[in-house]
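These notes are about the structure you will find just below.
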Amino acid sequence: MSTKYVDSVSSVESTAHSENYINAKKGLMSWIVTLDHKRIGVMYLGSILFAFMLGGLMALLVRLELIAPGRTIMGPKTYNQVFTLHGAIMVFLFIIPSIPAALGNFMLPILLGAKDVAFPRLNLASYYIYVVGAIFCVASLLMGAADTGWTFYTPYSTTTGTSVVSMTLGAFILGFSSIFTGLNFIATIHKLRAPGMTWGKMPLFCWGMYATSVIQVIATPVLGITLLLLIMEKVLGVGIFDAKLGGDPVLYQHFFWFYSHPAVYIMILPGMAIISEIIPVFSHKTIFGYRAIALSSVAIAIIGFLVWGHHMFTSGQSELAGMIFSFLTFLVAIPSGIKVFNWVATMYKGSISLNTPMLYALAFLFLFTIGGLTGLFLGTLSVDVHLHDTYFVVAHFHYVMMGGTVIAFFGGLHYWWPKITGRMYSESLAKIACALTFIGFNVTFLTQFVLGSRGMPRRYYNYVDQFQPLHAFSTVGSWILGLGFLLMAFYLLASLKTGKKASDNPWGGVTFEWQTPSPPPEHNFNYVPVATHGPYEYKS
Amino acid sequence: MNMFLLAPFMPLQGSEYAKSVDLLYEFIFWLGVVFFIGIVGSMAYFVFKYKRVGEPRNIPQFSHNFALEVTWSVIPLIIVIVIFFWGFDSYMSNRIAPNDSLEIKVYAKKWQWEFEYPDGTRTLGEFHVPKDKPVKLIMSSDDVIHSFFLPTMRQKMDVLPGRYTTLWFQPTVEGKHQVFCTEYCGDGHSEMMAELTVDSQDKYKEWIENGGLDKDTPLDQLGARLYKSRNCNTCHSIDGTRIQGPTFKGIWGRTERITGGTTVVVDENYVRESVMDPNAKVVEGYERGVMPTYKGLLKDREVNAIIEYMKTLK
Amino acid sequence: MSSGNHSHHVIPVKVYAAIFGALLVLTYITVQVSYFNFGVLNIAVAVVVATIKAMLVCLYFMHLRYDTVFNRIVFFSTAIFLALFMGLALLDSGARLPVKPSQFADNSPVPVDRTAEAAAPGAQPAVGGAEAPKSATPENKH
Amino acid sequence: MSTAIHGTSHGHSQDHHGHHDHPEYLQHHFSDAEQQVEASKLGMWLFLVTEVLLFGGLFVAFAAMRSLHYESFHEGHEHLSKTLGIINTVVLILSSFTMALGVHASQTNQKKKLINYLVVTLLCALTFLVIKYFEYSEKFHHGLLPGRYFTAHHENPHVSIFFGLYFLMTGLHGIHIIAGMSAIGWVLWRAIKGHFNSEYYTPVENVGLYWHLVDLVWIYLFPLLYLLP
């Protein structure tokens, strides 16, 4: 156990126990202008869960429409707007900020043993920029939402009448929120580690956040310039991306995917970071291959910049470019594989307790393995030509983004819920919700692999009759999935009121956050934490 | 040997190339199953075997094993490189069309495909090709990016405005094959389908001789088929609801007010004129310049067929 | 209390003046070079001179030379990512040129913007073939 | 990294500056001044990375469009006046020089010089904007505008793309100049109020870094737009 350097007076600790970051200051203003990374994390958590509900609603509408060919509940134009909003809200408003900005903001400084992030004011600014960006996206929803898909491909996006400018402006602003979070975390990890915490003693969550922040800082500006060029293309008709005016639509795709593929690693790396925290604690065993997992996070971050062309194998790209991108895509698959092997190896000869966070971690391993392996189909040139832009791709990225990041996010939420709120949630309800989510997810998306292989194209409002049974099956799955999340919302909110008090260390973890009261005091620790050993060293 | 276990997963194998793609698809699939069982199986086994009972005591705390980690890095690396080369090889073999292939020009425009044969025959929404002969499609778009997808031939290529992209296949199975548009292109994206019919050599010759017409089908049935295949249904409904153009239901013989005050009776001449020159007499309340001209796209017999079909729509 | 550690490195004014002079000289050079037409070489010279000037500003004006190693890595990694982006994005810009007629047997011109014709009433939709169509995306004389 | 461990045993007042045994500029969550300086400089360098990549995107678009429409870009480039470009470059390099001297002055505790150099830098930036204003008004006058607003006579078809990119690149650069000027103004105001000394001059240094980057971007913009035949 990490020795407390300054033996704080026990009386102080007990009084401090009741005084924590939530009740340290009262009143709405104390939340609105807070500089405390924990409060900003909680505010982010509330906002992204709201965005998740909104995006999830859109998803249920899409699936409901597709239960039968032809018109079910909405016309083609509305359907296109709903699936565009589903994509844009889920990507820009939920999944990119979810783990880094919500859980990361709360946990990173504590895991490092720091009092706060490096630039607290920048952290608050990042949240308010997120809110402004969200307002622009929701405003676009009200003024005839964009119907271009979350990729805004030109020349369709520059010629459609819907409010593409408002949505792209929203995404442009959200980009800055993401940059500031990344910038903040890199400075924090470099400069604010506790005394004695070398890079080798840092918890793997911080390694994951570090790799994610590197991508956020380097890739997001290119999204900014891409959306700026798109807005100028639409407003001034500059003609860079519109073939009729002499531009090149494939150039837009290069610009867009140069950001968007690293963006999918911004999504998955934090998920992996959480899994690297959960599995050792619930197997009561030190992580297997710490160095391999840490370095593969950074490797994924770097190689992630080389592979964007695999989104464009059939876009009229030259065969040479296709070959290069296909080869590099396979290289980036290796670090992900190494991580999965290391997690499974960690469980070998451990003492595994199946609490809810561990259940989510196991679900992550199951779903992410399928997601990763189906990526091999899409990385292979000849098979991708058949599968590109079909439901196979939809299933693949849902398995990796939802089965991976969202499941890991909820695993992390359950893992740190006692620390964030000081309350325990009902374990039995949580297990049911996890089972529902797992079953609903597989029913919804396993069928879509088959749909895609049989040639069902993506973003189709109406489809030929032979696909109807699979679509209906997938829609039923989405209801089960929706039910699972509803149940989770219920018992988590209920736990705020009726949950029993959480102890400092409910799961027996050895990283810093379990040695401070839950919820933690305003300056995270009542003593100066010193890292004397690795993050997962258990006394066997 | 091609016992293709995953047949229900994939559409009909319409060409030899389709078979080679399916072989690679199957290889990756079974490889995935092996890895999946390995990972999830051992995970499940560990959860079952090392279930925590009471307080965890004397748990071995080994943290890495260099040899194991190297093996499970190198082996997947070799496997993925093999998959890469196999995929790249079959991709390249299918990118360069043989010289003697039948070149068909394909024009994509918002929500319909138009085909133009070397001898000038033009069809809309359907095209015929001879069996066992390479066919090369030279495609370009008139407005936004579309994508020509032939599932049964495992072929897909985006269709870009302002330049040509090509795609070729050699069909071996006769019959009708579905064509989809797979690059999102607006409201009618899911309607933008076409139909490839693979005929035997002589049947194709006969089809191409009389400019892609069906001799025997009665006019109103042909009209009904053309109503769908020529995409009239995208703008003109037959159940009375208004889309972008007036509905065909009960239109025959009705007098319509034309923008500019004059009126006209919907008869053969008006329909023929509106098909060939849509902006001549536009019914009041409808926009000009929306309906594309069908001049050169519909043979006289086909226009008569549509007229007969409209007569049946009471 | 100020510990004279390395982050407070003070560069003498003379060095700043020298760098300033060098920047002016380099600007003069790059301007003079632009008056002669060396074809592709011009781009190379322009970029090289600009990079030298940029390095001078970075190392001395921005103290990168006396800064922590990590800051240097951070700044020069942008050059790598930028080169990666430009290189792979423009790798096949040659393949994506509006296609020249010679590439096709019946040398049909660059795809014709038919909607422009179709919209114009009564215009015969120029469909490939011999007569030169009025096309909105004219050929590119490279 | 000497970290003076001092147990601030229980939560102290939350204000940032008024802290009895710490220099007032030190924020509470940093253990000492040097850690704060290095963190803020690292943060600034990371921000400069995002700026470089933002403009980098524009350079990639410029290169792509130039390779596609060489003649149009050549014709568009003829309309730009080289002399104004040269003057602007010299002005910006001068402002970069005076900014560097300003940082030097703040490092050596010379408040008077710091204020003078900052004022000169602001003036140079202003002259840059004025010259830019003349260039833009001349373009507006001749109708050399981006995209659908391009009304000038042109032989090659895509000169409007050149001016689209010209206005985008120099416009975005101009916005960054204005942002830089307001930052320098803020630092000037704090310098006048005597916030800076040889121990604490990080804001001056960071604003200096930002200003040098703006100059750096112009160093690349100038030859690509004005000089390349």
* To do: Starting from residues that are modelled with pLDDT under 80 and part of a helix (DSSP H, G or I), keep the ones in region B:227-256 and report whichever is farthest from residue B:112 (Cα to Cα).
  => B:228
* Asked: Which residue out of A:534, A:499, A:452, A:509 is modelled with pLDDT under 90 and within 12 Å of chain B (Cβ to nearest Cβ)?
  -> A:534
* Every residue from region B:263-314 that is in a helix (DSSP H, G or I), farther than 15 Å from residue B:230 by Cα and in contact with a Gly (Cβ under 7 Å, 6 or more places away or on another chain) -> B:308
* To do: Kindly check whether there is at least one residue in region B:144-153 that is within 12 Å of chain A (Cβ to nearest Cβ), buried (at least 24 other Cβ atoms within 10 Å of the Cβ), among the aromatic types (Phe, Trp, Tyr) and farther than 22 Å from residue A:156 by Cα.
  => no
* Structure fact -> Taking region C:56-72 and keeping residues more than 10 Å from chain D (Cβ to nearest Cβ) and within 25 Å of the chain's Cα centre (by Cα) leaves C:59
* Which one of these is over 23 Å from the mean Cα position of the chain (by Cα), more than 14 Å from chain B (Cβ to nearest Cβ) and in a helix (DSSP H, G or I): A:481, A:429? -> A:429
* What number of residues within region A:384-426 satisfy the criterion of being on the phi > 0 side of the Ramachandran plot and more than 14 Å from every other protein chain (Cβ to nearest Cβ)? -> 1
* Structure fact -> Residue hits (region A:504-519; within 24 Å of residue A:287 (Cβ to Cβ) and assigned to a loop (DSSP other than H, G, I, E, B)) are A:504, A:505, A:506, A:507, A:508, A:509, A:510, A:511, A:516, A:518
* To do: Mind counting the residues in region B:1-58 that are among the polar types (S, T, N, Q), touching a Phe, Trp or Tyr at 6+ places or on another chain (Cβ under 9 Å) and facing chain A (nearest Cβ under 8 Å)?
  => 1
* Considering each residue of region A:273-321, count those that are within 14 Å of chain C (Cβ to nearest Cβ) and over 22 Å from residue A:219 (Cβ atoms), and give that number. => 5
* Just a yes or no: is a residue in region A:322-337 among the aromatic types (Phe, Trp, Tyr), closer than 18 Å to residue A:434 by Cβ and at the interface with another protein chain (Cβ under 10 Å from one of its Cβ atoms)? -> no
* To do: Scan region D:60-71 and give yes if some residue there is farther than 28 Å from residue C:9 by Cβ, within 10 Å of chain A (Cβ to nearest Cβ), modelled with pLDDT under 90 and not in a helix (DSSP H, G or I), otherwise no.
  => yes
* Asked: Residues of region B:109-126 being within 15 Å of the chain's Cα centre (by Cα), part of a strand (DSSP E or B) and surrounded by fewer than 24 Cβ atoms within 10 Å (Cβ to Cβ), which ones?
  -> B:109, B:112, B:114, B:115, B:124, B:126
* Mind checking whether some residue in region B:241-252 is in contact (Cβ under 8 Å) with a residue 24 or more places away in the chain, within 27 Å of the chain's Cα centre (by Cα), within 14 Å of chain A (Cβ to nearest Cβ) and closer than 29 Å to residue A:389 by Cβ? -> yes
* To do: Could you please let me know if residue B:106 is in the same structural domain as residue B:150 (by TED's automatic domain parsing), within 31 Å of the chain's Cα centre (by Cα) and either in a helix (DSSP H, G or I) or surrounded by 14 or more Cβ atoms within 10 Å (Cβ to Cβ) (or both)?
  => yes
* Structure fact -> In region A:166-203, anything more than 9 Å from chain D (Cβ to nearest Cβ), among the polar types (S, T, N, Q) and over 18 Å from residue A:95 (Cα atoms) is listed as A:166, A:198
* Residue satisfying condition, being touching a Phe, Trp or Tyr at 6+ places or on another chain (Cβ under 7 Å) and farther than 30 Å from residue B:110 by Cα, within set A:123, A:105 -> A:105
* Is there a residue being assigned to a loop (DSSP other than H, G, I, E, B), surrounded by fewer than 18 Cβ atoms within 10 Å (Cβ to Cβ) and touching a Ser or Thr at 6+ places or on another chain (Cβ under 7 Å) anywhere in region B:31-39? -> no
* Return a yes/no flag: does region D:189-204 have any residue that is part of a helix (DSSP H, G or I), in contact (Cβ under 8 Å) with a residue 40 or more places away in the chain, within 19 Å of the chain's Cα centre (by Cα) and away from chain A (no Cβ under 14 Å). => yes
* Within region A:147-188, how many residues turn out to be outside any helix (DSSP H, G or I) and among the polar types (S, T, N, Q)? -> 6
* Going by the conditions given, is residue A:223 closer than 17 Å to residue A:97 by Cα and modelled with pLDDT of 90 or more? -> yes
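The values are calculated or read from the model by the stated rules, or taken from the named source; none is laboratory data. Quick caveat: nothing in here was measured; it's all calculated off a predicted structure. Glycine gets a Cβ as well: all are built from the backbone with ideal geometry, and neighbour counts include every protein chain shown.
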